[in-house]
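Data first, discussion second: the structure below is written as structure tokens.
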Amino acid sequence: EKQRAAADRVQPIGTRPEPELPATVRSADGHDVTVRSVERIVPLTGSLSETVFTLGLGDHVVARDITATFEQARKLPVVTRAHDVSAESVLSLKPTLVLADTTTGPAEAIQQIRAAGVPLVVLDPPKKLADVGPRIDAVAAALGVRASGDELRKRTEQRLAAVQKNIPHGGKKPRVAFLYLRGSAAVYLLGGKGSGADSLIEAAGGVDAGAESGLTKDFTPITSEALAKAAPDVVLLMTKGLDSVGGVDGLLKVPGVAETPAGMDRRIATVADGVLLNFGPRTDTVLKSLIDQIHKGGS
């Protein structure tokens, strides 16, 4: 556990950026936002925090949300409860820039921050591997550090390409089903087209079993029939999802799992919750882990 915590760090690019401000950018909710200072930044998702820190502006970040779990951000005050933003907490930190995703809420909190006159830039959340570069560019533009964005995008793309060189070729591509589980809340979902995991599975040299079996929605409730049709060789889960059903033995009790090729062979791949679908500067490490896990022990 200690070792894993130590590894949960972001790696900033070498050069310290000099922000060129003011910078005016278009927010995903239709507003043109002018950023005049990045002295006090509040990124409202873990993935946004990760990108700001990696671009070299981590010492200007004054708060985090609950999903920013990497080491450099850990001591910052949390301004979200569960996944809800507290506008009061954010405003009390006197931010000069707030970054959010279109999925960040509640809407009232976002409106309250904007009504207080704080520059607030909303970004579309990245949903696939191809979104990584544009996402870095968008964050860099809002921070006035486009040159650093170029540098980080190149570094990230090179790392992704390097990792993909290690995909075993020849043989059958493993069929991988992404299961989103929250046992305590009785949430049992099978990923399909557009889950985000589909893009990673394909990039790792696998086939998304849910999408391949005809699931056009991003997530569908798990049934024995759906799993039989998906017929995965490997089941992919988030670490907490697997824990929430009581580990591998509990997973095999979820209807239909034990009957799949993956269930029979106990071929389970796991990736940490805050990292799997972030699509940012550390996606190469996720992809490497996925490649190692889904091709291990396969035919």
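Structure summary
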quantity	calculated
Relative contact order (%) - criterion: Cα under 8 Å, at least six apart; region: region 1-154	27 percent
Structure-based [θ]222 nm, the chain - -39500 (n - 2.57) summed over DSSP H runs of at least 4, per residue, nearest 500	-9500 deg cm²/dmol
Cα-based shape type of region 88-163, given that a ≥ b ≥ c are square roots of the gyration tensor eigenvalues and the cut on a/c is 1.5	prolate
Links that overshoot a 27 Å alpha carbon limit, given the list LYS193/LYS253; LYS193/LYS240; LYS240/LYS288; LYS229/LYS296; LYS172/LYS240; LYS127/LYS165	LYS172/LYS240
Accessible surface, per residue, of the chain when the full set of protein chains is kept, probe 1.4 Å, Å²	47 Å²
Spacing of the two label points (7 Å from each Cα toward its C-beta) at GLN164 and THR15, in nm	2.6 nm
Estimated vicinal HN-Hα couplings, Hz - region 235-250 in sequence order (Karplus 6.51, -1.76, 1.60; Gly, Pro = x)	10, 9, 9, 7, 3, 5, x, 5, 4, 5, 10, x, x, 4, 4, x
Whole-Hz ³J(HN,Hα) from phi, Karplus 6.51 cos²θ - 1.76 cosθ + 1.60, for region 261-278, glycine and proline x	x, 5, x, 5, 8, 6, 9, 10, 10, 10, 9, 4, 3, x, 10, 3, 10, 6
Percent accessible area from carbon and sulfur atoms, the chain, protein chains only, probe 1.4 Å	53 percent
Mean separation of Cα contacts under 8 Å (6+ apart) over length of region 148-299, as relative contact order %	27 percent
Net charge of neighbours whose Cβ lies under 10 Å from the Cβ of GLY196, counting Lys and Arg as +1 and Asp and Glu as -1	-1
Average Cα contact separation per residue, the chain, under 8 Å, 6 or more apart, as relative contact order %	16 percent
For region 168-187 and region 121-150, distance of Cα centres in Å	28 Å
Interchain or long-range residues, amide H under 5 Å from ALA68's placed H	GLY46
Peptides 223-234, 48-59 ordered by average Cβ neighbours within 10 Å, highest first	48-59, 223-234
Cut-off under 5 Å, modelled amide H: who pairs with VAL145 long-range	GLU20
In order through region 61-75: 3J(HN,Hα) via Karplus (6.51 cos²θ - 1.76 cosθ + 1.60), integer Hz, x for Gly, Pro	7, 10, 7, 9, 9, 4, 8, 8, 9, 5, 4, 5, 9, 4, 7
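The values are calculated or read from the model by the stated rules, or taken from the named source; none is laboratory data. From a predicted model like this one, the values you see are computed outputs, not experimental measurements. Neighbour counts are summed over all protein chains in view; Cβ atoms, including those assigned to glycine, are modelled from backbone coordinates with ideal geometry. Accessible surface is based on the protein model in full, side chains and every heavy atom, while ligands, DNA and RNA are left aside. Shrake-Rupley method; radii C 1.70, N 1.55, O 1.52, S 1.80 Å.
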